[in-house]
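A.B. asks: Once you've had a glance at the structure underneath, I'll fire off some questions.
The values are calculated or read from the model by the stated rules, or taken from the named source; none is laboratory data. Please read these numbers as outputs of a predicted model, since none were measured by experiment. Here the Cβ positions follow ideal geometry from the backbone for every residue, glycine too, while neighbour counts run over all protein chains shown. Areas reflect the complete protein model, heavy atoms only, side chains present, ligands, DNA and RNA absent. Shrake-Rupley method; radii C 1.70, N 1.55, O 1.52, S 1.80 Å.
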Amino acid sequence: ADPIRTYPNGSVGSSVVGFVGADGKGLGGLELSMNKELSGTVGTETYESAPNGSKIPLGDSKVTPATNGLNFRLSIDAELQWMVQERLAQQVVRTKSDYGSVVVMNVKTGEVLAMANAPTFDSSDPSASSTDARGNNAISSPYEPGSVEKVLTAAALIDSGTATPETRITIPNRLQSGPLSIKDAFHHDTDPLKLRLRGAVARSSNIGMALLTRQMDRAQLNDYWKRFGLGKPTGVQLPGESGGIIPSADMSDIQRDQAAFGQALSVTTIQEAAAVAGIVNGGVYHPPTVIAQATDADGNTVDVDKRQPRRVISAKSSAQVKDLM
């Protein structure tokens, strides 16, 4: 019999589900990364035969039965996924963007509830979309995170003891950084502007975050980024994941200044979402997963993910960062 694939939800979650080729082999998403686990094994039969090809009734014979592959239940919430895809597609059109991606996570488990891309494709008819649309930018396309990175910077500053939410900062209108000049996106009514760390986060001050980060050891800052899962793939069970790029432990002054407010480093949507999730989840990072459960043909649960949760900042630091946010 020919294998049959049906995708009743069409384009909903297609970046995660993926698609197969004419031969039934996975070419994208979980269909590709879990092709072996989904496929099972083909059955075989060997036997002694007569010269005319017929089976000898009492001859040696051996049958190895076929085994079904694993069944995966995804963590994706279909209704939430559909709504996120619709809104993202509208926003990409409205902003005339090349593409957009969204990740929604359960911070307590690391389960991905929605992973959306625009443009996207229909799993049941992938060839109707461009090759680019059949990828998964949420995990494969690094970008400079910009000001959302200030949440990670604040977590590193507070957890390392470099600053507290009440640490005072005197913020000039411009901050010299090598040959460059850093400015804020808002106009300072006073020069210098006096803020606490919580004010620098609330008003999204690039200069404030850079000044505080200058008081932090470079190698220690690099270590926090690694703890938060930046600079290498998260290990989510999907193909084509990028690790992004973070400045090294001996980063330059300019790199440290810029990374404090989300430039001079690149992340993927899944990396940044998982990092923020860990920071607000009492400081415990759960590696992101799109698989809620895996079972074998007999219905027994199978462990397909050996990654373990890990503490990235203290519970006290987590509570302080949540308060800042």
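A.B. asks: If packing is taken as the average number of other Cβ atoms within 10 Å across a peptide's residues, how do 90-97, 110-117 rank, most packed first?
C.D. replies: Working: 90-97: 11.0, 110-117: 25.2.
The densest-packed peptide leads the list: 110-117, 90-97.
A.B. asks: Computed FRET efficiency, Cβ-Cβ of THR41 and ARG73, R0 25 Å: what is it to the nearest 0.05?
C.D. replies: Values: r = 22 Å, r/R0 = 0.87.
Rounded to the nearest 0.05, the efficiency is 0.70.
A.B. asks: For the stretch 232-291, what is the convex hull volume of its Cα atoms per residue in Å³?
C.D. replies: Details: hull volume 5.8 nm³, N = 60.
Looking at the stretch 232-291, the number lands at 96 Å³ per residue.
A.B. asks: Largest first and to the nearest Å, give the Cα extent of the stretch 128-229 along each principal axis.
C.D. replies: Rounded to whole Å, the extents work out to 57, 30, 28 Å.
A.B. asks: Note down the net charge around ILE139, summing +1 for each Lys or Arg and -1 for each Asp or Glu among other residues with Cβ under 12 Å from its Cβ. Before the final figure, lay out each step's value.
C.D. replies: Working: positive: none; negative: GLU241, GLU272.
Net local charge, ILE139 excluded: -2.
A.B. asks: Return one whole number: the accessible area per residue of the chain in Å², for a 1.4 Å probe. Write down the numbers at each step before the final one.
C.D. replies: Values: 16800 Å² over 325 residues.
On a per-residue basis, 52 Å².
A.B. asks: How much accessible surface does ILE158 have with a 1.4 Å probe, in Å² rounded to 10?
C.D. replies: About 10 Å², ignoring ligands and nucleic acids.
A.B. asks: How far, in nm, would the chain grow between ASP125 and VAL280 when pulled straight, counting 0.36 nm per residue and subtracting the alpha carbon separation? Kindly include the intermediate steps, with their values, before the conclusion.
C.D. replies: Working: separation 155, 0.36 × 155 = 55.80 nm, distance 3.94 nm.
Contour length minus Cα-Cα distance gives 51.9 nm.
A.B. asks: Place a point 7 Å from Cα of LYS232 in the direction of its Cβ. Which residues in the stretch 268-295 have their backbone N less than 14 Å from it?
C.D. replies: 287
A.B. asks: Let me check the size of the stretch 161-214 from its C-alpha atoms; what are the radius of gyration and Dmax in Å?
C.D. replies: Just the Cα atoms of the stretch 161-214 yield Rg and Dmax of 10.6, 31 Å.
A.B. asks: May I ask for the distance between the Cα centers of the stretch 293-325 and the stretch 11-28, given as a whole number of Å?
C.D. replies: Distance between centres, Cα-based: 27 Å.
A.B. asks: Taking amide hydrogens as modeled 1.01 Å from N in the peptide plane, which residues meet the under 5 Å criterion relative to GLY100, leaving out close sequence neighbours?
C.D. replies: Long-range HN contacts for GLY100: ALA118.
A.B. asks: Let a ≥ b ≥ c be the square roots of the eigenvalues of the Cα gyration tensor of the stretch 1-145; is it rounded (a/c under 1.5), or, if not, prolate (a/b larger than b/c) or oblate? Walk me through the numbers on the way to the answer.
C.D. replies: On the way: a/c = 3.69, a/b = 2.64, b/c = 1.40.
Judged from the Cα gyration tensor, the stretch 1-145 comes out prolate (a/c at least 1.5, a/b above b/c).
A.B. asks: When the gyration tensor of the stretch 96-185 is built from Cα positions, what are the square roots of 5 times its three eigenvalues, in whole Å, from largest to smallest?
C.D. replies: Values: eigenvalues 292, 82, 17 Å².
Largest first, the stretch 96-185 gives 38, 20, 9 Å.
A.B. asks: From the convex hull of the Cα coordinates of the stretch 116-164, what is the mean projected area in square nanometres? Each step should come with its number before you reach the end.
C.D. replies: On the way: hull surface 19.4 nm².
That works out to 4.9 nm², a quarter of the Cα hull's surface.
A.B. asks: Which peptide among 128-136, 304-312 comes first, and what is the full order, when sorted by highest mean count of other Cβ atoms within 10 Å?
C.D. replies: 128-136, 304-312
A.B. asks: What is the diffusion coefficient of the chain in µm²/s, taking the Kirkwood radius over Cα pairs and the Stokes-Einstein relation at 20 °C with a viscosity of 1.002 mPa s?
C.D. replies: Values: Rh = 22.4 Å.
My calculation gives 96 µm²/s for D.
A.B. asks: I've got another one for you. Enter the accessible area of TRP225 (Å², nearest 10), with the probe set to 1.4 Å and all protein chains included.
C.D. replies: Its accessible surface works out to 10 Å², give or take rounding.
A.B. asks: Sticking with this structure for a sec: Let me know the whole percent of all Cα-Cα pairs from the stretch 183-228 that are separated by more than 16 Å. Let's see the in-between values first.
C.D. replies: On the way: 478 of 1035 pairs.
Everything past 16 Å amounts to 46 percent.
A.B. asks: In Å, what is the Rg of the alpha-carbon atoms in the stretch 189-325, and how long is Dmax?
C.D. replies: Rg then Dmax for the stretch 189-325, in Å: 18.0, 70.
A.B. asks: Another one. Counting only protein heavy atoms and a 1.4 Å probe, tell me what percentage of the chain's accessible area is made up of carbon and sulfur.
C.D. replies: Values: 8550 of 16800 Å².
Heavy-atom surface of the chain belonging to carbon and sulfur, 1.4 Å probe: 51 percent.
A.B. asks: Per residue, what volume in Å³ does the convex hull of the Cα atoms of the stretch 72-143 enclose? Spell out each step's value before the answer.
C.D. replies: Values: hull volume 8.4 nm³, N = 72.
Dividing the Cα hull volume of the stretch 72-143 by its residues yields 117 Å³.
A.B. asks: Out of every Cα-Cα pair in the stretch 196-266, what percent are more than 21 Å apart?
C.D. replies: On the way: 795 of 2485 pairs.
For the stretch 196-266, the fraction of Cα-Cα distances above 21 Å is 32 percent.
A.B. asks: Another question, if that's okay. May I ask for the Kirkwood hydrodynamic radius of the stretch 1-51, worked out over all distinct Cα pairs and given in angstroms to one decimal? Before the final figure, lay out each step's value.
C.D. replies: Numbers: mean 1/r = 0.0769 Å⁻¹.
By the Kirkwood definition, the hydrodynamic radius is 13.0 Å.
A.B. asks: Right, another one. Show HIS187, HIS286 ordered by accessible area, largest first, where the area counts protein heavy atoms only and the probe is 1.4 Å.
C.D. replies: On the way: HIS187 140, HIS286 40 Å².
The ranking, largest first, comes out as HIS187, HIS286.
A.B. asks: Could you work out how far the C-alpha centroid of the stretch 43-65 sits from that of the stretch 70-137, in angstrom?
C.D. replies: Measuring centre to centre over Cα atoms gives 50 Å.
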